[in-house]
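Asks: Starting off with a structure, shown below.
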Amino acid sequence: MAGTTLTEVMDELARLEDPKTRAVNEKHGDDHGVNLSKLRALAKRLKTQQELARELWSTEDTAARLLALLICRPKAFGRDELDVMLREARTPKVHDWLVNYVVKKNAHAEELRSAWSEDPDPVVASAGWALTTERVAKRPEGLDLTRLLDVIEAEMKDAPERLQWAMNHCLAQIGIEHAQHRTRAIGIGERLGVLKDYPTPPGCTSPFAPIWITEMVRRQQQ
């Protein structure tokens, strides 16, 4: 489907729109009604098309932006371009896909991680923490884990929801991956009680950090 026009793709997205899917997505803050499996199938047919991806992003339509993130070339974006895109990505799914599918694969990821982590906008800051969590797990060299725990202990309890979730994930990842910090990470989670009462479906692991850390370490040791 190389050479497909923006109009053709937008028409196909319109045909994939389903009211029931939209109703479910809107409960999570995502204003689109396209089944994600069907969206991925469309992306597979389109393959990588950077210019089309940019055109889809410029529509400001949530489904179009999700598709753009699937067909773009992550390394082709400049640092400032990604910064603008993140600030435009106000729905949770677009924000998450942008960080995980694009920014993490871009050469400017580390620079953006440092800048975003200190941003006054909590949604932008949450992206910085997500990138930090990735480093905690995969490339911890150079990170001051003690300082990260200090910040989490001081700020997570009263942080806005998206930022709180991102900081909590980082706390859990530190406890899971770094045994020397595990006792402190669990202790911080217990004292702050963030997500302690979060409803967790059967068979799923609680996002409450002490439970999350303990369960993942148990699995690793099996």
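Asks: Could you identify the single residue in Arg65, Arg135 that is under 21 Å from Lys38 (Cα atoms) and basic (Lys, Arg)?
Replies: Result: Arg65 is the single residue among Arg65, Arg135 that is under 21 Å from Lys38 (Cα atoms) and basic (Lys, Arg).
Asks: Give the residue that is surrounded by the fewest Cβ atoms within 10 Å (Cβ to Cβ), with candidates limited to residues of segment 176-208 that are within 19 Å of Lys138 (Cα to Cα) and in contact (Cβ under 8 Å) with a residue 40 or more places away in the chain.
Replies: Only one residue tops the list, namely His178.
Asks: Quick one: Leu42 ticks every box in (1) surrounded by 13 or more Cβ atoms within 10 Å (Cβ to Cβ); (2) at pLDDT below 95; (3) farther than 20 Å from Met85 by Cβ except a single one, so which number is it?
Replies: (2)
Asks: Can I ask one more? Taking the residues in segment 7-37 that are farther than 16 Å from Arg65 by Cβ and basic (Lys, Arg) as candidates, determine which candidate is farthest from the chain's Cα centre (by Cα).
Replies: Here the residue is Arg15.
Asks: Sticking with this one: Restricting to segment 21-45, give me the number of residues that are in a helix (DSSP H, G or I) and in contact (Cβ under 8 Å) with a residue 12 or more places away in the chain.
Replies: Residues that pass the stated criteria total 9.
Every residue, every condition in (1) under 28 Å from Gln180 (Cβ atoms); (2) part of a helix (DSSP H, G or I); (3) open to solvent by less than 20 Å² (accessible area, probe 1.4 Å); (4) free of Cβ contacts under 8 Å to residues at least 40 places away in the same chain, yes or no:
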{"residue": "Glu60", "(1), (2), (3), (4)": "no, no, no, yes"}
{"residue": "Leu69", "(1), (2), (3), (4)": "no, yes, yes, yes"}
{"residue": "Glu81", "(1), (2), (3), (4)": "no, yes, no, yes"}
{"residue": "Arg90", "(1), (2), (3), (4)": "no, no, no, yes"}
{"residue": "Val102", "(1), (2), (3), (4)": "no, yes, yes, yes"}
{"residue": "Ala115", "(1), (2), (3), (4)": "no, yes, no, yes"}
{"residue": "Pro140", "(1), (2), (3), (4)": "yes, no, no, yes"}
{"residue": "Leu149", "(1), (2), (3), (4)": "yes, yes, yes, yes"}
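Asks: Also: Given the conditions (1) under 28 Å from Pro122 (Cα atoms); (2) among the acidic types (Asp, Glu); (3) part of a helix (DSSP H, G or I), report the number of the one that Glu8 does not fulfil.
Replies: For Glu8, the failing item is (1).
Asks: Here is a follow-up. Go through (1) of a type in the set (Ser, Thr, Tyr); (2) more than 16 Å from the chain's Cα centre (by Cα); (3) at pLDDT 95 or above for Ser126 and report which single condition fails.
Replies: (2)
Asks: Moving on to the next point. Among (1) more than 20 Å from the chain's Cα centre (by Cα); (2) within 18 Å of Thr132 (Cα to Cα); (3) small (Gly, Ala, Ser), there is one condition Gly203 misses while meeting the rest; what is its number?
Replies: Looking at each condition in turn, Gly203 falls short on (2).
Asks: Right, next: Kindly indicate which of Val123, Val217, Val136 is hydrophobic (A, V, I, L, M, F, W, C), surrounded by fewer than 19 Cβ atoms within 10 Å (Cβ to Cβ) and assigned to a helix (DSSP H, G or I).
Replies: Val217
Asks: Continuing with the same structure: Do you know which residues across segment 66-124 are of a type in the set (Ser, Thr, Tyr) and farther than 25 Å from Thr21 by Cβ?
Replies: Selection gives Ser114, Ser117.
The values are calculated or read from the model by the stated rules, or taken from the named source; none is laboratory data. Just so it is clear, the model here is predicted, and its values are computed rather than measured. Quick reminder, even Gly has a Cβ in these numbers, built from the backbone with ideal geometry, and neighbours come from all protein chains shown. These accessible areas exclude ligands, DNA and RNA; they are computed on the full protein's heavy atoms, side chains included. Shrake-Rupley method; radii C 1.70, N 1.55, O 1.52, S 1.80 Å.
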